[in-house]
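Engineer: Quick one: the structure is below, questions incoming.
The values are calculated or read from the model by the stated rules, or taken from the named source; none is laboratory data. None of the values given here were measured: they were computed from a predicted structure. Virtual Cβ from ideal backbone geometry, glycine too; neighbours counted across all protein chains shown. What goes into the accessible areas is simple: the full protein's heavy atoms, side chains included, and nothing from ligands, DNA or RNA. Shrake-Rupley method; radii C 1.70, N 1.55, O 1.52, S 1.80 Å.
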Amino acid sequence: MKNTLRQIFHSPKFMTGFVIFVVILLTLFFYPLFNPGNPLEMIGVGTFAKPGTYVSLYDALNTSRETLRLSDADDNRLAKQLKAEDRVAMLEWFNAMGIAVDFDISDTDALLKLWDDNYDPATKPKGMTMAKRNYYKRLNNALLQLKAADEIVLADVNAETKALEETGKVNKTDYVNVGQVANVKLLPLGTDNFGRDVLKELVSATGTSIIIGLIAGAVATIIGLTFGLLAGYLGGIADDLIMFITNVFTVIPGFVLLILISYSIGQDQRGASVVALVIGLTSWTWTARSVRSQVISLRNRDHVNLSKLSGHSLFRIIMTDILPYIASYVVMAFILQVSSGILSEAQLSLLGLGPKTTEVPTLGLMMNWAMLYSAHTNGSWWAYFPVILTITLISFSLNLMNTGLDQVFNPTLRD
Amino acid sequence: MAKTMLEVNNLTTKYVTRFHEDVYAVDHVSLKIEEGKSLGIAGESGCGKSTLALSLMGYYFAPLHYMSGEIIIDGKNISGMDPDTVRKNVLGTEIAYIPQAAMNALNPTIRISKFVEDVIRAHDPKADKKTIQEMAKARFAELGLPVEALNRHAVELSGGMKQRVVIAISTILNPKVLIADEPSSALDVTSQKMVIKMLRDMMEKGYIKAMIFITHELPLLYNVTDDIMVMYAGQIVERGSANEMVFDPIHPYSRGLINSILVPEEGTRTNKLTAIPGTPPNLKKPPQGCRFAERCKYATLQCRVNAMPMIDFDGNRSYRCGHSVEHLREVYGHEE
Amino acid sequence: MKGYRKYFGKKILWFVITLVVAVILNFTLPRLMPADPVAAITGKMAQGMTDASAVQEIYKRYEEEFGTNKPMLEQFFIFVKNMLKGDLGTSFSQYPRKVSDIISSAIWWTVALQLPAIIVGWLLGNLLGALAAYIRKGFDKVLLPLSLFLSNVPAFGMAVVMLVLFAVKFKIAPIGGGYAFDMIPNFSWNFVKSVITHYQLPFWSIVMVSIGGQAIGMRSMSIYELNADYVKYARFLGIKDRKIVGYVFRNAMLPQVTGLALSIGTMIGGALVAEIIFSYPGLGSTMYTAVTAADYPLISATTLIITFMVLIVTLLLDIVYGFIDPRVKAAQFD
């Protein structure tokens, strides 16, 4: 036993999978300690806020300022404000005017210089519509303003006169220390379509999905194990009957049953644990098959026969003479069931048949929401990519562990 | 004096395990077989006899590696040849092999005739299909095998039939030396007899010129081969004629082997039936002195320290032991 | 020949039995549930209606349409009779379109997409697996973890990643659908071209997903076969390594056919979900719209037709396998 454990923990495949999985579990455990609260709380009003650090503008204005004279501040400001489509439009204008652009349009300095030197609102490039010409005028004005204004005036409504009164100014050279701003929110993965913190949601969803996987895996393994043991050990009619059921359900695709049952249960009844149960109920067949074939090879071993002759009960023979010999196998089957359970939940949710949406997020639901709100076509990668990556990593780590175990317990597969 | 068909001098090969450890399963083995003779090799499982069988082929692939020594077949030294020459000009034509588990020795998904074709084409790429088929049919008929077997897949043949088909295929190119590794061990008694008869017939009819027969059942060899060698922990420990080895084993290990097995021969019945205690040494770290010392009840301190050479005695016999032949015979005499 | 007949007879019998069980399940499962589907549908249809008798009227109409007012057994026979006639009921969400009509237009998209994709994925996967087993060192070290990782990317994940990369980012493929949205299906060259361009992404995403799993299976099968006794024996008979590798891969590949038969259900399940991502006009998307619109007859019919397809493919694979692997014939003699 000790030796087997040592072998398992020396298997690089098993260890890689194990480490990935443990890191995921630790994250699930520790992250909520740093960022507590309801993962489904909608903190954002808009949809799909980009990942990053959000600084409260209101608080920033009321934070004591320092003056910093940074030489590249103007350039940075311009570079950030000048959007990619504006740059392309400027290039189009140059082209229309027949002016050669021999630099990359991401070079803000060169672009603006060329623009200042050449742009004249009065010119009418050939074939350019009025609307387009006006666009260039607006763009030019915005650029001028950006360069000209040195300060922004802050005003407030006077309580008595109801008139706007200047209360302060913000200079281009004013800076505040982020650490002193009262409200700074870090959203490493932005927000989703409902304005929820994606990372917080992801951590919670991963936890739920793993639990769904565990329940589904446990249910499938228990049913498969029981059927496999009975069919393999008893043989005869019991075997025929169980194998008949197993064969039928092997060929009928599990996900079809899953869809039918899930749909029949109805949205309101479908909690995460019900979904997990249904997944388990539809995926036990191959565990039953493989346990059965293992048991058949064990059935006539000497120690089993000896136990039979000693008059031990069926339960005792199975528990002491058969189960320990197939335990490694059952563990491997369980691991695979967990991984496929997580995947099944995700697929069900994508079809709109996942757990009801109001209680807990799951990886499948997050994926479903992201797709419903077209995160994939509007560039909000943070809403779906981390979900795909998490599912892949969980399933990858579980499968690696399984392969590692397989190599320890099945020497023919050894490299 | 008869022609020497196979001569092996100080052959050493090693296994490399999955954990990159070297196992010297064949350690400085020398032997010689003359034309028309057969040699039996006996030993417990794990003594290196199967590895010796593989090593004698002169064709090495992982995890088996050639270290040193020479193999001379009918005057031709094959140990220095490049592998592809060995494959084309030696395997199957000079020396052939019958595997331990003939049950799985045939590719399950092709017909026997196709496999025969592949074997012959491997040595003569231009051989034409019809000639090969005729030749195979003729050979099967001569050996008393049903010709229909050629049209079957291996899975459709019974165990005994499979083994005889394997023997027929191995010898189809009339190799000079045949190495049979436990060809009959997995078979029932009837099939076992048929296989042994077949091998003998082939020697008599001259399809093969010399044979090495490897088995863990030493007494079986008495009926099959002219000479017998006993192997222990990668080394030869005793060699003599079949008669001498069964009725007058000198090395304590050979004696142990005879005594531990029920022998249906006259004169052996009075012997006490005893098992050899202990297990063979770990060949990753072979013992410094006599390799059998750990399990030998006659072992002295010197046995454990000094490496033992092979010593000739009684004309054509040899053994590897620290005690003199006279001493051993005397000790054995007292025991009975 | 007797062996074959027994084998195929057994396989066909199984096909019929499982089909019957599948039909029964398809019929009973939704009816076993405590909720009354007709009531639920009526509720949806009658939203905003205040007139109780009008609601009652709707309920009656649907009861008639489904035949839920008849005894269970009678309902089943009507269901089977209609099914045999090819009548799978009327769709709710696309009323008054016949379900069989919707399905017959979707099914060819799915078949044309998934069958080639799974076959190509299977072939490529086996090739890579065989290479990994043969070359081992180095190649194996890179390919195996990569295959393992790839095989764990869910089909829909692969679909989304490929869609974002090739359609949104590089704009070298259309973003979804089976053909350009402004076209009407016809046999013009332009339409065919549009279909082909829309075909690429879904096709390759299914291929990519199936490669990994197949490669891993093939690799371990090949390693197992490379260590088989017949390989050693063939080598000692002087047969060339290239020829032996041929033996090994053929023998390793044959069980992969059965492996495909066993996993085809799961694979098609994943691929159907991938269809949704690409809004491919196949059964996956049909099922999705049916689920979102609570179109019960359509869901029931799609699951039935998918089961039927999986059963047929499994049966065909079993029959092909029986012909190409002599071990099957031998096993039947036992």
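Engineer: Which condition breaks for B:Gly92 when tested against (1) more than 27 Å from B:Thr279 (Cβ to Cβ); (2) of a type outside the set (Lys, Arg); (3) open to solvent by 70 Å² or more (accessible area, probe 1.4 Å)?
Structural biologist: So B:Gly92 meets the others, but not (3).
Engineer: Go over the candidates C:Lys10, C:Lys44 one by one and state the one that is at pLDDT 70 or above and either open to solvent by 50 Å² or more (accessible area, probe 1.4 Å) or not in a loop (DSSP other than H, G, I, E, B) (or both). Step through it out loud before you land on a result.
Structural biologist: Working: C:Lys44 fails: at pLDDT 70 or above.
The unique qualifying residue is C:Lys10.
Engineer: Go through segment A:57-91 and report how many residues are more than 37 Å from the chain's Cα centre (by Cα), among the charged types (D, E, K, R) and more than 18 Å from A:Ala142 (Cα to Cα).
Structural biologist: 4
Engineer: Which numbered condition trips up C:Val164, out of (1) part of a helix (DSSP H, G or I); (2) without any contact (Cβ under 8 Å) to a residue 24 or more places away in the chain; (3) open to solvent by 70 Å² or more (accessible area, probe 1.4 Å)?
Structural biologist: With (1) part of a helix (DSSP H, G or I); (2) without any contact (Cβ under 8 Å) to a residue 24 or more places away in the chain; (3) open to solvent by 70 Å² or more (accessible area, probe 1.4 Å) applied to C:Val164, the lone miss is (3).
Engineer: Still on this structure, please answer the following. Which pairs do you get when a residue that is within 7 Å of chain C (Cβ to nearest Cβ), found in segment A:245-268, comes within reach of a residue that is open to solvent by 30 Å² or more (accessible area, probe 1.4 Å) and not in a helix (DSSP H, G or I), reach meaning Cβ atoms under 6 angstrom, with the pair 6+ apart or on two chains?
Structural biologist: Sorted first by the residue in segment A:245-268, then by its partner, the pairs are A:Ser264/C:Met33; A:Gly266/C:Ala35.
Engineer: Let me ask something else about it. For segment A:335-357, which positions are in contact (Cβ under 8 Å) with a residue 40 or more places away in the chain and over 22 Å from C:Thr303 (Cβ atoms)?
Structural biologist: Just the residues of segment A:335-357 that are in contact (Cβ under 8 Å) with a residue 40 or more places away in the chain, to begin with: A:335-348, A:351, A:353-356.
Residues satisfying the conditions are A:Ile335, A:Leu336, A:Gln337, A:Val338, A:Ser339, A:Ile342.
Engineer: Take the conditions open to solvent by 60 Å² or more (accessible area, probe 1.4 Å) and over 20 Å from C:Phe308 (Cβ atoms) and apply them to A:Leu229. Does it pass? Working first, answer last.
Structural biologist: Working: open to solvent by 60 Å² or more (accessible area, probe 1.4 Å): no; over 20 Å from C:Phe308 (Cβ atoms): yes.
So A:Leu229 fails the test.
Engineer: Next question, about the same structure. Among the listed residues B:Asp118, B:Asp84, which satisfies the condition of being among the acidic types (Asp, Glu) and crowded, with 16+ Cβ neighbours inside 10 Å?
Structural biologist: On the way: B:Asp84 fails: crowded, with 16+ Cβ neighbours inside 10 Å.
Exactly one residue qualifies, and that residue is B:Asp118.
Engineer: In the set A:Val153, A:Val219, A:Val170, which member is assigned to a helix (DSSP H, G or I), open to solvent by 20 Å² or more (accessible area, probe 1.4 Å) and either without any contact (Cβ under 8 Å) to a residue 60 or more places away in the chain or among the β-branched types (Val, Ile, Thr) (or both)?
Structural biologist: Details: A:Val153 fails: assigned to a helix (DSSP H, G or I); A:Val170 fails: assigned to a helix (DSSP H, G or I).
Only one candidate passes the filter, namely A:Val219.
Engineer: Then there is this: What number goes with the only condition from (1) over 25 Å from C:Pro174 (Cα atoms); (2) not in a helix (DSSP H, G or I) that A:Asn378 does not pass?
Structural biologist: Against the list (1) over 25 Å from C:Pro174 (Cα atoms); (2) not in a helix (DSSP H, G or I), A:Asn378 comes up short only on (1).
Engineer: While we're looking at this one, here's another question. Taking the stated definitions as given, is A:Lys83 open to solvent by 70 Å² or more (accessible area, probe 1.4 Å) and not acidic (Asp, Glu)? Even if it seems obvious, please write down each step before you answer.
Structural biologist: On the way: open to solvent by 70 Å² or more (accessible area, probe 1.4 Å): yes; not acidic (Asp, Glu): yes.
Yes: the conditions hold for A:Lys83.
Engineer: Then there is this: Can you list the strands (runs of 3 or more DSSP E) found entirely within segment B:202-260 that contain at least 3 residues being closer than 22 Å to B:His327 by Cβ?
Structural biologist: Numbers: elements: B:210-215, B:227-232, B:235-241.
Because the criterion is at least 3 residues that are closer than 22 Å to B:His327 by Cβ, the strands (runs of 3 or more DSSP E) in segment B:202-260 that meet it are B:235-241.
Engineer: Just one of A:Leu225, A:Leu230, A:Leu241 is touching an Asp or Glu at 6+ places or on another chain (Cβ under 9 Å), away from chain C (no Cβ under 13 Å) and more than 22 Å from C:Phe27 (Cβ to Cβ); which is it?
Structural biologist: Working: A:Leu225 fails: touching an Asp or Glu at 6+ places or on another chain (Cβ under 9 Å); A:Leu241 fails: touching an Asp or Glu at 6+ places or on another chain (Cβ under 9 Å).
Exactly one of A:Leu225, A:Leu230, A:Leu241 is touching an Asp or Glu at 6+ places or on another chain (Cβ under 9 Å), away from chain C (no Cβ under 13 Å) and more than 22 Å from C:Phe27 (Cβ to Cβ), namely A:Leu230.
Engineer: If you don't mind, there's one more thing I want to ask. What do you reckon, is B:Met103 within 10 Å of chain C (Cβ to nearest Cβ), more than 27 Å from B:Lys126 (Cβ to Cβ) and surrounded by 15 or more Cβ atoms within 10 Å (Cβ to Cβ)?
Structural biologist: Details: within 10 Å of chain C (Cβ to nearest Cβ): yes; more than 27 Å from B:Lys126 (Cβ to Cβ): yes; surrounded by 15 or more Cβ atoms within 10 Å (Cβ to Cβ): yes.
Spelling it out, B:Met103 is indeed within 10 Å of chain C (Cβ to nearest Cβ), more than 27 Å from B:Lys126 (Cβ to Cβ) and surrounded by 15 or more Cβ atoms within 10 Å (Cβ to Cβ).
Engineer: For segment A:106-133, what are the residues that are of a type outside the set (Ser, Thr, Tyr), in contact (Cβ under 8 Å) with a residue 12 or more places away in the chain and not in a helix (DSSP H, G or I)?
Structural biologist: A:Pro121, A:Pro125, A:Lys126, A:Gly127, A:Met128
Yes/no per residue for (1) modelled with pLDDT of 85 or more; (2) surrounded by 15 or more Cβ atoms within 10 Å (Cβ to Cβ); (3) closer than 17 Å to B:Ala233 by Cβ:
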position: B:Pro264; (1), (2), (3): no, no, no
position: B:Lys285; (1), (2), (3): no, no, yes
position: B:Asp312; (1), (2), (3): yes, no, no
position: B:Cys321; (1), (2), (3): yes, yes, yes
position: B:Ser324; (1), (2), (3): yes, no, no
position: B:Gly333; (1), (2), (3): no, no, no
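Engineer: Just to be sure before I move on: is C:Lys193 away from chain A (no Cβ under 13 Å), more than 30 Å from C:Gln256 (Cβ to Cβ) and open to solvent by 20 Å² or more (accessible area, probe 1.4 Å) in the structure I sent?
Structural biologist: Numbers: away from chain A (no Cβ under 13 Å): yes; more than 30 Å from C:Gln256 (Cβ to Cβ): yes; open to solvent by 20 Å² or more (accessible area, probe 1.4 Å): yes.
So C:Lys193 passes the test.
Each row is one residue, and each column tells you yes or no for (1) modelled with pLDDT of 90 or more; (2) more than 17 Å from C:Trp204 (Cα to Cα); (3) within 11 Å of chain A (Cβ to nearest Cβ); (4) open to solvent by less than 80 Å² (accessible area, probe 1.4 Å).
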| residue | (1), (2), (3), (4) |
| --- | --- |
| C:Asp87 | no, yes, no, yes |
| C:Lys98 | no, yes, no, no |
| C:Val142 | no, yes, no, no |
| C:Met158 | yes, no, yes, yes |
| C:Gly176 | no, no, yes, yes |
| C:Asp182 | no, yes, no, no |
| C:Phe187 | no, yes, no, no |
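Engineer: Can you tell me which residues in segment A:376-395 are open to solvent by 10 Å² or more (accessible area, probe 1.4 Å), of a type in the set (S, T, N, Q) and more than 7 Å from chain C (Cβ to nearest Cβ)?
Structural biologist: A:Asn378, A:Thr390
Engineer: Of all residues in segment C:286-325, how many are within 24 Å of A:Gln267 (Cβ to Cβ), open to solvent by 10 Å² or more (accessible area, probe 1.4 Å) and free of Cβ contacts under 8 Å to residues at least 40 places away in the same chain?
Structural biologist: Final tally of qualifying residues: 3.
Engineer: Among the numbered conditions (1) away from chain C (no Cβ under 11 Å); (2) hydroxyl-bearing (Ser, Thr, Tyr); (3) more than 17 Å from the chain's Cα centre (by Cα), tell me where A:Tyr373 comes up short.
Structural biologist: The one condition A:Tyr373 does not meet is (3).
Engineer: Of the residues that sit in segment B:61-78 and are of a type outside the set (A, V, I, L, M) and at pLDDT below 85, which one is nearest to C:Ile239 (Cα to Cα)? Step through it out loud before you land on a result.
Structural biologist: Residues of segment B:61-78 that are of a type outside the set (A, V, I, L, M), as a first pass: B:61, B:63, B:65-66, B:68-70, B:74-77.
Still in the list and also at pLDDT below 85: B:61, B:63.
Working: B:Phe61: 14, B:Pro63: 19 Å.
So, considering only residues that are of a type outside the set (A, V, I, L, M) and at pLDDT below 85, the one nearest to C:Ile239 (Cα to Cα) is B:Phe61.
Engineer: If only one of A:Phe48, A:Phe18, A:Phe29, A:Phe14 is free of Cβ contacts under 8 Å to residues at least 60 places away in the same chain and either touching a helix residue (DSSP H, G or I) at 6+ places or on another chain (Cβ under 8 Å) or assigned to a helix (DSSP H, G or I) (or both), which one is it?
Structural biologist: The conditions single out A:Phe29.
Engineer: Filter segment C:273-300 down to the residues that are under 16 Å from C:Val160 (Cα atoms) and within 8 Å of chain A (Cβ to nearest Cβ) and list them by number.
Structural biologist: Step one: list which residues in segment C:273-300 are under 16 Å from C:Val160 (Cα atoms), which gives C:273-280, C:284-285.
If the condition is that a residue be under 16 Å from C:Val160 (Cα atoms) and within 8 Å of chain A (Cβ to nearest Cβ), then C:Val273, C:Ile276, C:Ile277 are the ones that fit.
Engineer: Let me ask something else about it. For segment B:135-157, which residues satisfy the criterion of being open to solvent by 10 Å² or more (accessible area, probe 1.4 Å) and within 11 Å of another protein chain (Cβ to nearest Cβ)?
Structural biologist: Correct list: B:Arg152, B:His153, B:Val155, B:Glu156, B:Leu157.
Engineer: Going residue by residue through segment A:405-415, is there one that turns out to be among the β-branched types (Val, Ile, Thr), in a helix (DSSP H, G or I) and within 8 Å of chain C (Cβ to nearest Cβ)?
Structural biologist: Here is the first cut: in segment A:405-415, the residues among the β-branched types (Val, Ile, Thr) are A:408, A:412.
Filter once more, keeping what is in a helix (DSSP H, G or I): A:408, A:412.
Of the ones still in play, those that are also within 8 Å of chain C (Cβ to nearest Cβ) are A:412.
Yes, there is a match, as at least one residue in segment A:405-415 is among the β-branched types (Val, Ile, Thr), in a helix (DSSP H, G or I) and within 8 Å of chain C (Cβ to nearest Cβ).
Engineer: Something else about it: Which members of segment B:106-125 meet the condition of being of a type outside the set (S, T, N, Q), touching a residue at least 40 places away in the same chain (Cβ under 8 Å) and either out of contact with any helix residue (DSSP H, G or I) (no Cβ under 7 Å at 6 or more places or on another chain) or within 9 Å of chain C (Cβ to nearest Cβ) (or both)?
Structural biologist: Applying the first criterion (of a type outside the set (S, T, N, Q)) to segment B:106-125 yields B:106, B:108, B:110-112, B:114-125.
Filter again for touching a residue at least 40 places away in the same chain (Cβ under 8 Å), leaving B:106, B:108, B:110-112, B:115-116, B:119-120, B:123.
If the condition is that a residue be of a type outside the set (S, T, N, Q), touching a residue at least 40 places away in the same chain (Cβ under 8 Å) and either out of contact with any helix residue (DSSP H, G or I) (no Cβ under 7 Å at 6 or more places or on another chain) or within 9 Å of chain C (Cβ to nearest Cβ) (or both), then B:Leu106, B:Pro108, B:Ile110, B:Arg111, B:Phe115, B:Val119, B:His123 are the ones that fit.
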